[in-house]
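The values are calculated or read from the model by the stated rules, or taken from the named source; none is laboratory data. The model shown is predicted, which means the values in this text are computed figures rather than measured ones. Don't worry about glycine lacking a Cβ; one is built from the backbone with ideal geometry, like all the others, and counts go over all protein chains shown.
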Amino acid sequence: MKSTVETLSPTRVRLAIEVPFAELEPSLKKAYREIGSQVTVPGFRRGKIPSAVIDQRVGRGAVLNEAVQDAIPENILAAVREHDVKTLGRPEVEITEFNDGEALKFTAEVDVRPEIALPDLTDFQVTVDELKIDDSEVDEQVKNLRERFATLKTVERAAQEGDYVQIDLAATVDGEEVPGGSATNISHEVGSKQLLPGLDEVLVGLAAGGSTTFQTQLVGGDFAGRDADVAVTVRTVKEKELPALDDEFAQLASEFDTLEELRNDLRERISRSKKIEQIYAARDKALAQMVSAADIPAPAGVVSEEVEHRKQAMIDQLERIGASLEEYLASEEKTEEQVDAELNEAATEGVKIQLLLDTLADAEEVQVSDDEFGHEIVHRAQRAGLAPQQYYDQLVRSGAAGAVFGDVRRGKALAMVMERIKITDSAGNVINLEELRAATGEEHDHAHDHDEHQH
């Protein structure tokens, strides 16, 4: 095999590869075996059919094509190793010359990892918001807790915003019943806007037994986009009663004996949450600064694959909640082109960050131990609801185990970044990362969580 490499751009090369016909012999034998095991010829046992018979029945061209498809990947790999090319993504292959008995000539264009000049990490300083907690934030937490322990009491009056009502609904379009447009005894919070547009406005002022109609535009089904007349009948009206804000409430809602102890605990929880936000903010700002300073080019092919992956993940997530991309676009008032542009921007930044961290990991000779890799497998298996071995076997079958290994390695490189940069808050205080981690229980997850978000 002979090969040459041509640099097309800082992120793309073209390999020109020539494979003598004699070197295709193993692939030819394999092709005959594969095809011979799939065809049936009277008088011959499956898998024992002579090559001349296969040529006659299937065609020599089909065998040659099978052999070439087998030989191309391994010859690309050999050329990549020979020229020490750091490939990214899938190569685009074009066969330039091939005839039976002659050398196979083809080209493979592939994205490559660009050369990146790493900046000195100790030069970087990021500023995050000063940690402040207002009493109003604690009050909001207490309010939410009271809401969870609220009780509903039936009242003999018209519904007001914040009340809970039991209602019946029936939708019609031009007098025709809307399929699936009727429901009985639905519980609804007045003013929550959780059901049909226009419903909350007509419920205010209706008492138990009262009914009315209103118009709303349907968003799904056979009558999507049409105006429907909706009849609503109120069965019951209930008002929400919040528990008194005292020590007894603290004992009901928590393990604390006094309201003061409960408020102090909530303040501490808010503090931990804000400290975690400081870690994430410092991480994101540091990476953005480093990517900008290193002036990293993003390989177009890799970005395109990442956009495709992210868009499919978005569609899958929408389908899991029973929505479509079209409905999402309508609710967000965006076009598909706008969403694609946003995905492209995020994917480009994500790919640049991965390239930066990979280069840093190489420069620092970052290693990943079996224990670290195993810990990540267990972590991801738990999130996927699978046994670790089952999850790992799936990774191997799909060829994704290497990607997970890369994620762990990049996570370690990111942790290194966080240890070396200087972090201050907006008041000028230097923030000690170890103290933050100790306070929040964050060991390394802030690192690999970011890398998982790239996928």
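Laid out as a table, the results:
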read-out: Single residue of Glu326, Glu308, Glu342, Glu319 found to be over 24 Å from Gly89 (Cβ atoms), assigned to a helix (DSSP H, G or I) and within 15 Å of the chain's Cα centre (by Cα); value: Glu319
read-out: Cβ pairs under 6 Å, 6+ apart, first in the range 1-19 and outside the structural domain of Ala67 (by TED's automatic domain parsing) and within 14 Å of Ile95 (Cβ to Cβ), second of a type in the set (S, T, N, Q) and in a strand (DSSP E or B); value: none
read-out: Filter pass, Ala294 being buried (at least 16 other Cβ atoms within 10 Å of the Cβ), closer than 21 Å to Val417 by Cβ, in contact with a Lys or Arg (Cβ under 6 Å, 6 or more places away or on another chain) and at pLDDT below 95; value: no
read-out: Given (1) within 22 Å of Arg113 (Cβ to Cβ); (2) basic (Lys, Arg); (3) out of contact with any strand residue (DSSP E or B) (no Cβ under 9 Å at 6 or more places or on another chain), number of the condition Lys30 does not satisfy; value: (1)
read-out: Condition check for Lys2: over 30 Å from Ile353 (Cα atoms), surrounded by fewer than 14 Cβ atoms within 10 Å (Cβ to Cβ), basic (Lys, Arg) and out of contact with any Asp or Glu (no Cβ under 8 Å at 6 or more places or on another chain); value: no
read-out: Contacts under 7 angstrom Cβ, first residue in the range 24-53 being assigned by TED's automatic domain parsing to the domain that holds Lys105, partner of a type in the set (Lys, Arg) and in a helix (DSSP H, G or I), 6 or more apart; value: Val39/Arg57; Val41/Arg57
read-out: The range 206-238 - residue that is surrounded by 15 or more Cβ atoms within 10 Å (Cβ to Cβ), among the hydroxyl-bearing types (Ser, Thr, Tyr) and touching a Ser or Thr at 6+ places or on another chain (Cβ under 9 Å) and, of those, farthest from Tyr164 (Cα to Cα); value: Thr233
read-out: Residues satisfying the stated conditions in the range 275-334, i.e. more than 23 Å from Leu355 (Cβ to Cβ) and either touching a strand residue (DSSP E or B) at 6+ places or on another chain (Cβ under 6 Å) or of a type in the set (Phe, Trp, Tyr) (or both); value: Gln278, Tyr328
read-out: Ile54 vs. criteria aliphatic (A, V, I, L, M), more than 41 Å from the chain's Cα centre (by Cα), surrounded by 16 or more Cβ atoms within 10 Å (Cβ to Cβ) and outside any loop (DSSP other than H, G, I, E, B); value: yes
read-out: Pair list, Cβ < 7 Å and 6+ apart or interchain, from the range 283-303 residues that are without any contact (Cβ under 8 Å) to a residue 60 or more places away in the chain to residues that are among the β-branched types (Val, Ile, Thr); value: Val303/Thr348; Val303/Val351
read-out: Looking only at the range 330-342, and only at residues there that are more than 14 Å from Gly220 (Cβ to Cβ) and not acidic (Asp, Glu), the one that is surrounded by the fewest Cβ atoms within 10 Å (Cβ to Cβ); value: Thr335
read-out: Of all residues making up the range 422-431, the number that are loosely packed, with under 11 Cβ neighbours inside 10 Å and in a loop (DSSP other than H, G, I, E, B); value: 2
read-out: Tally, over the range 380-421, of residues that are over 15 Å from Leu357 (Cα atoms), exposed (fewer than 14 other Cβ atoms within 10 Å of the Cβ) and touching a helix residue (DSSP H, G or I) at 6+ places or on another chain (Cβ under 7 Å); value: 2
read-out: Any pair with Cβ under 9 angstrom, 6 or more apart, that starts in the range 232-252 at a residue that is assigned to a loop (DSSP other than H, G, I, E, B) and ends at one that is aromatic (Phe, Trp, Tyr) and exposed (fewer than 15 other Cβ atoms within 10 Å of the Cβ); value: Leu242/Phe149; Pro243/Phe149
read-out: Hits in the range 363-374 (condition: part of a helix (DSSP H, G or I) and surrounded by 15 or more Cβ atoms within 10 Å (Cβ to Cβ)); value: Glu372, Phe373
read-out: Filter result for Arg81 (basic (Lys, Arg), within 43 Å of the chain's Cα centre (by Cα), part of a strand (DSSP E or B) and under 30 Å from Val307 (Cα atoms)); value: no
read-out: Any hit, the range 356-376, residues being under 20 Å from the mean Cα position of the chain (by Cα) and small (Gly, Ala, Ser); value: no
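This table checks each residue for (1) surrounded by 15 or more Cβ atoms within 10 Å (Cβ to Cβ); (2) aliphatic (A, V, I, L, M).
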{"residue": "Glu92", "(1), (2)": "no, no"}
{"residue": "Ala103", "(1), (2)": "yes, yes"}
{"residue": "Val126", "(1), (2)": "yes, yes"}
{"residue": "Asp134", "(1), (2)": "no, no"}
{"residue": "Glu156", "(1), (2)": "no, no"}
{"residue": "Gly181", "(1), (2)": "yes, no"}
{"residue": "Ser192", "(1), (2)": "no, no"}
